[in-house]
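Participant: I have a structure here, written as structure tokens, and I will follow up with some questions on it.
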Amino acid sequence: MSNAPIPMTNEDNDERGSAHDRNESDYDLSERTAVFGEEVIGFARKIKADPVTSPLITQLVRAATSVGANYDEADEAATKKDFRYRISVCKKEARETKRWIRMTVVAVPTLKHEARTLWQEANELHLIFAAIFRNSGDNDK
């Protein structure tokens, strides 16, 4: 059994593009958050690990990949309460990702340009999940 990563797409015919290309995948939050997590992992791999960056890398990857995992859980939620909870976690993790990106740029200023694109996507996801959370509330208020 090999430890090679399992390909999730056909590299020769990958129409997915970047999370920042405006296309149908912008409306597929499961795919969009998965691509975002993949992009953050790629970004994190560029960071030289040292006593300052190692914890930042860990926190950044955990927060960024958690956004999609929790969205997938929300998408399968059995109750409105569970859905709202999972969406609130998505919102929190997207906001937290922005914080870890900011701290990473302080530690590795040469990655500022690439980090800005990731920060913008984290911000958009945060705003999307905040709107979903607001709109999923009780209408009796």
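Every read-out reported here was derived from the displayed coordinates using simple, explicitly stated rules and does not represent laboratory data. All values reported here derive from a predicted model rather than from experimental measurement. Note that we place each Cβ from the backbone using ideal geometry, even for glycine, and neighbour counts take in every protein chain shown.
Participant: Counting other beta carbons within 10 Å of each residue's own, what order do 81, 92 fall into, fewest first?
Facilitator: If I rank by nearby Cβ atoms, fewest first, I get 81, 92.
Participant: How big is the stretch 28-135 along each principal axis, measuring the range of its Cα positions in Å and listing the largest first?
Facilitator: 43, 20, 19
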